[in-house]
1. Got at least one residue in the range 45-54 being under 22 Å from Ile219 (Cα atoms) and in the same structural domain as Asp69 (by TED's automatic domain parsing)?
2. Sort out for me the strands (runs of 3 or more DSSP E) sitting completely within the range 144-253 that have 2 or more residues that are touching a Phe, Trp or Tyr at 6+ places or on another chain (Cβ under 9 Å) and modelled with pLDDT of 90 or more.
3. Cβ contacts < 6 Å: first residue closer than 23 Å to Val199 by Cα, restricted to the range 10-30; second residue in a strand (DSSP E or B) and charged (D, E, K, R), any location; separation 6+ or different chain. Result?
4. What residue, among those in the range 180-226 that are surrounded by fewer than 18 Cβ atoms within 10 Å (Cβ to Cβ) and of a type in the set (Phe, Trp, Tyr), is farthest from Ala169 (Cα to Cα)?
5. Please go through the range 78-98 and give me each residue that is buried (at least 17 other Cβ atoms within 10 Å of the Cβ) and either outside any helix (DSSP H, G or I) or not assigned by TED's automatic domain parsing to the domain that holds Met151 (or both), ordered by number.
6. Can you tell me which residue within the range 99-124, out of those that are assigned to a loop (DSSP other than H, G, I, E, B) and more than 27 Å from the chain's Cα centre (by Cα), is surrounded by the most Cβ atoms within 10 Å (Cβ to Cβ)?
7. Could you list, in sequence order, all residues of the range 296-347 that are outside any loop (DSSP other than H, G, I, E, B), at pLDDT 85 or above and polar (S, T, N, Q)?
8. Of all the strands (runs of 3 or more DSSP E) wholly in the range 14-71, which have at least 3 residues that are in contact with a Leu (Cβ under 8 Å, 6 or more places away or on another chain)?
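The values are calculated or read from the model by the stated rules, or taken from the named source; none is laboratory data. Predicted model, so just to flag it, every value in this text is computed and none were measured. No Cβ is skipped: glycine too gets one built from the backbone with ideal geometry, and neighbour counts run over all protein chains shown.
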Amino acid sequence: MKGITIEFPGVKALDNVDLSLYPGEVHALMGENGAGKSTMIKALTGVYKINGGSITVEGKPQLFKGTLDAQNAGIATVYQEVNLCANLSIGENVMLGHEVRDKVGMINWKKTHAKAAGYLAEMGLGHLDTHSPLSSLSIAMQQLVAIARSMVIDAKVLILDEPTSSLDANEVQDLFAIIRKVRDSGVAILFVSHFLDQVYEISDKMTVLRNGQFIKEVITKDTPRDELIGMMIGKSAEELSQIGTKKTRRQPVANEQPIVSVRDYGKKGSVHPVDMDIFKGQIVGFAGLLGSGRTELARLLFGADKADSGEFKLNGQKLTVSDPATALRNKTPTPLRTVVMRASSAI
């Protein structure tokens, strides 16, 4: 991708950006939110038409008019949200659109499943029963099935857009083992993640974008983290070292009463009972993987969902937050001090 430029009314989303992907390499695309990473991916997958620049695949110029053109050129993508059909079998998902057909055009399901099993076996997933429903697999395994599906089109480039955002540590390692296997088969992999530890573990090179512009291509192992972050946000290592030096943190004093206090507060099937205090002048944040219960807990505290267990106190007085109107009327604060969630429980 050379000199890629994409313009929308009133804004230039990408301005003369370069990106080179090589066979057998994992290349990370880095940048803050709004840096242009998603726009770059959409240009490479045919979602957006480019206003300037050029794209070549294996030396052949390409003009993608849509996603099918990109797929036909060997560009495959696995997104953060698995875009497969949970109501179909594993084998049907792997071979969707590429089923084996007989002379009259009817699908030969036996051969289709056999072919799907072959692709899965190549990735070390031969233990999966292609006839089992996709919905029976964890999100992590569904990600691997999506990668196997990309191999069906003989992918030359595999784009992984935030593939680890909802995985635990063990699942990430399973995914990385598959990524390395695909990489070693000669596929060029474009990896997008906001987890720096994972980027440094899996990538060979990094391209840094900032405000829609190309900043630099670097070798991962030769690039210190503070240098990478500096390129991403446009600050030097010295400036970065000063961040936080003037920050003051509000700690509650002895016997201080919290503004909001919840005990055993939860909702069956949504959030396990949680204990939490929020004090005046604090910023409270919810942290956890996708599906850990962060959003669900926030909805309970604000009354968008109704808790079925526990106690809610506002300034020491019991309060039933049955709906958002009640929360607004009582000026219930939005909780922002760090609460780490795992599997819908506060840790």
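1. No.
2. By residue number, 157-161, 205-210.
3. From the range 10-30, the pairs are Asp18/Lys2; His27/Lys205.
4. Here the answer is Tyr200.
5. Val78, Val82, Leu84, Ser89, listed by residue number.
6. Glu99
7. The answer is Ser309, Gln317.
8. Correct list: 26-30.
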